[in-house]
Every structure is written in structure tokens, then in C-alpha cells.
Amino acid sequence: MKAALPDAVTALAERLGARALTGGQESGRAVFRQSGTLRGLGAKRWMRFSGRQWMAISATGFRWRARVGPLGLIEVEDALIDGEPTGRVRALGLVPVARAGRSRELLQGQLQRYLAELAWNPDALLSNRALDWEVKDETTLAVSARIGGVEAGVVLSLGEDGLPARTFAMRQARESGGYVLRPWHGQFSDYRAVAGRMIPHAGRVAWECDGHRFEVWRGRIEDWRIAQDRRGRG
């Protein structure tokens with residue numbers, strides 16, 4: 001039997017306005033749009049993007065699709081669906097440009113992405129029983145999850161308002177066809193009330209290289225909502 005949530009996690013869920021799935025709700029999703037700029041690790045040029053994402057509430061899964069660059073001709077997808085990770089880039093929505101083959105590193109990385117973005121999916125704190133929590137101190141929580149033999153974790157740091165402000169993990173960065181383990185940082189800000197929840201509307205992501213942080217993603221959240229999904233796929 002799954003242990004009860006630590007008091008610190010229950011308190012965080014309350015501050016975020018999280019709601020547990022009720023009877024008759026087999027599953028659900030947090031659904032939202034994003035816009036902003038991104039670039040590859042080591043690249044100088046920023047490119048605009050517009051994206052859509054869903055995150056499963058009672059399961060560990062998500063899908064992010066974005067249109068990038070001039071006229072949005074490049075499509076980028078990150079996903080973790082039914083335990084299967086995806087990472088790919090296509091031109092014109094059809095021509096493959098890059099694709100990460102299924103691997104332990106990719107699965108671990110997509111698990112970490114889901115965990116790091118829980119601030120955009122607060123109901124999962126109460127409803128995703130696959131999450132394991134550890135209270136480090138009054139402002140630091142560690143959360144982890146496992147799929148098969150692959151486990152991944154992320155550290156969440158709370159701000160003065162008690163809401164998630166920063167995330168950290170050692171994550172595998174895909175470089176030159178391989179993977180390099182690097183520090184991976186995220187930031188949340190501009191919390192706003194939406195549908196009874198407190199949702200951060202701005203975020204940043206950076207890799208750490210040779211002791212310096214290199215930002216690769218700056219985005220804003222739009223049209224956040226909860227969608228019911230009775231198919232149970234997450």
C-alpha cells in the first residue's frame with residue numbers, strides 16, 4: 001500500500017489549489033499552450049516557438065509539440081506516453097531532421113521533464129500515486145518516479161511564497177549523437193490564479209556547462225485548463 005503523502009507535499013498541493021480526481025474520473029490532463037523562444041545547447045541564435053502540451057494527472061506521461069522558426073516550418077516533439085519516450089524534430093511536419101532512439105537515457109530524461117513541470121500540473125501531486133516524495137527541508141522537496149527499471153528524480157525548491165520557484169536535476173543532454181550528463185535547471189515565475197489553481201505563467205530552462213548556465217528555453221503559458229480523459233491513456 002502506498003504511503004501517505006508527506007505533510008509538506010499536502011501543504012504545497014493546498015497552496016497550489018490542487019484537486020484530487022473524484023469518483024467517476026478515471027484520468028485527466030492539464031492542457032495548455034506555450035509561446036516563447038528556444039535554442040539548442042551551445043547555439044547563439046534564439047528561435048520563436050508556439051506549442052501545445054498536455055500532462056497526465058493520474059499517470060506519468062505528457063506530450064509537447066511545438067512549431068519553431070520562420071513560419072513554424074519545424075516541428076519539435078517531446079513525449080512520454082504509456083511508458084514510451086519520444087524526442088524528434090521534423091521539417092514541414094513530414095521530413096525527419098533528428099530523432100532520439102528509444103534508450104534508457106531518453107526515458108530517464110522524459111521522466112525528469114514530467115517531474116520538473118509538476119507546477120503546471122498541480123493536481124498530479126494528489127492523484128499520481130506513482131510519484132515518490134522526500135522532504136529535504138522546509139523549502140526543498142525531491143520527487144522521483146520509475147518506469148520499468150528506469151528511475152528518475154528532480155529537486156524542487158520553493159520560493160518565499162511557498163510555491164515552486166526552481167528545479168534541478170542531473171540530466172542526460174543529447175550532444176553529437178550521444179548523451180552527456182549535465183546539471184539541468186528550471187525556473188518558474190508569474191504565478192496566476194486559473195480555474196482555482198495557482199499556475200506559473202513564465203518559465204526558463206538552462207543547462208550548466210563548465211560551471212556556466214546556458215539558457216535554452218524561455219516561455220510563457222497560455223490557456224491553461226483541465227481536460228477529462230476517460231480513455232485512461234494519460
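Each value in this text was obtained by applying a stated rule to the coordinates, not by laboratory testing. The structure presented is a predicted model; accordingly, all values stated were derived computationally and were not measured. Cβ atoms come from the backbone with ideal geometry, glycine included; neighbour counts cover every protein chain shown.
With runs of 4+ DSSP H residues as the only contributors, calculate the mean residue ellipticity of the chain at 222 nm using -39,500 (n - 2.57) per run, divided by the residue total and rounded to the nearest 500.
Roughly -3500 deg cm²/dmol at 222 nm, from the helical runs in the chain.
Below 8 Å, C-alpha to C-alpha, sequence gap of six or more: please give me the relative contact order for the chain in percent.
Over the chain, the number comes to 23 percent.
With a 10 Å Cβ neighbour count serving as the proxy for reagent exposure, in which order, fewest first, do Arg166, Arg29 appear?
Details: Arg166 18, Arg29 25.
Listed from fewest to most nearby Cβ atoms, that is Arg166, Arg29.
Arrange the following residues from fewest to most other Cβ atoms within 10 Å of their Cβ: Leu41, Leu141, Leu156, Leu71.
Arranged by neighbour count, lowest to highest, Leu41, Leu141, Leu156, Leu71 become Leu71, Leu41, Leu141, Leu156.
Classify the range 172-234 as rounded, prolate or oblate, taking a ≥ b ≥ c as the square roots of the eigenvalues of its Cα gyration tensor: rounded when a/c is under 1.5, otherwise prolate if a/b is larger than b/c and oblate if not.
Oblate, since a/c reaches 1.5 and b/c is not below a/b.
How much net charge surrounds Gly196 when only the other residues with a Cβ under 15 Å from the Cβ of Gly196 are counted, with Lys and Arg +1 and Asp and Glu -1? Spell out each step's value before the answer.
Values: positive: Arg15, Arg19, Arg192, Arg197, Arg225; negative: Glu14, Asp123.
Combined, the nearby Lys, Arg, Asp and Glu give +3.
Gap in Å between the Cα centre of the range 108-143 and the Cα centre of the range 157-234?
11 Å
Can you give me the angle between helix 7-16 and the longest principal axis of the chain, using Cα atoms only, in degrees from 0 to 90, rounded to the nearest 10?
Once rounded, the angle reads 70 degrees.
If you line up the long axis of helix 104-116 against the longest principal axis of the chain, both from Cα atoms, how many degrees apart are they, to the nearest 10?
The two axes meet at around 50 degrees.
Please identify, among Pro122, Pro164, Pro70, the residue showing maximal mean-square fluctuation in a Gaussian network model of the chain using a 10 angstrom Cα cutoff.
Among Pro122, Pro164, Pro70, the largest mean-square fluctuation in the Gaussian network model of the chain belongs to Pro70.
Given [x] 172; [y] 116; [z] 133 as candidate values of volume of the Cα convex hull per residue in Å³, which corresponds to the one derived from the coordinates?
Among [x] 172; [y] 116; [z] 133, the one calculated here is [z].
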